[in-house]
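Participant: Would you mind keeping the following structure in view while I ask a few things?
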Amino acid sequence: MKDLGHANMILRMKISSTPNEISLSLSHSIEKMLHKFDFYNSKPISTPYDSSITLKKNTGEPVSQLKYSQLIGSLFYISNRIRPDISYAVGRLSRVTLVENTELY
């Protein structure tokens, strides 16, 4: 075994420490996710879920179910680590990941 020093990242979380505290941050992972799914330039909103909006079937441009599922999975990871305030919205969105006659290759 050899000592590699203090860890900077673990489980995609950045570790910062001062003499009095240790903090974990997922900001780097969140930025990578936003770039991956082309949402980096999106405008932030104050509330993660508007209960007055009902989800409807997509009648416009088709969305890749694989990409949608990957996005939901990334959001679940974030909500389970540091953003429990978005858990309900992510759960609602995850309900529409299954589509009839979906084939996996």
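Each value in this text was obtained by applying a stated rule to the coordinates, not by laboratory testing. Note that the structure is predicted; figures quoted are calculated from it, not measured. When we count neighbours, we look across all protein chains shown, and the Cβ atoms used for this are built from the backbone with ideal geometry, even at glycine.
Participant: Less than 18 Å from a label point 7 Å out along the Cα-to-Cβ axis of Met13: which backbone N atoms in the stretch 60-87 qualify, by residue?
Facilitator: 74-87
Participant: Under a cut-off of 25 Å between alpha-carbon atoms, report the lysines in cross-link reach of Lys57, not counting same-chain residues fewer than 8 places apart.
Facilitator: Partners within reach: Lys36, Lys43, Lys67.
Participant: To continue, here is another question. How compact is the stretch 31-94 by the rule of thumb for globular proteins, expressed as Cα Rg over 2.2 N^0.38 Å?
Facilitator: On the way: Rg = 12.4 Å, N = 64, 2.2 N^0.38 = 10.7 Å.
After normalising by residue count via 2.2 N^0.38 Å, the value is 1.16.
Participant: Here is a further query. Among Lys43, Lys32, which comes first, second and so on when ranked by fewest other beta-carbon atoms within 10 Å? Walk me through the intermediate numbers first.
Facilitator: Values: Lys43 4, Lys32 14.
Ranking Lys43, Lys32 by Cβ neighbours within 10 Å, fewest first, gives Lys43, Lys32.
Participant: Follow-up. Given the options Gly91, Gly73, Gly60, state which has the largest fluctuation in a GNM of the chain using a 10 Å cut-off (strictly under) for Cα springs.
Facilitator: Comparing Gly91, Gly73, Gly60 in the GNM, the peak value goes to Gly60.
Participant: Per residue of the chain, what 222 nm ellipticity follows from adding -39500 (n - 2.57) for every DSSP H run with n ≥ 4, rounded to the nearest 500?
Facilitator: Calculated mean residue ellipticity at 222 nm is -10500 deg cm²/dmol.
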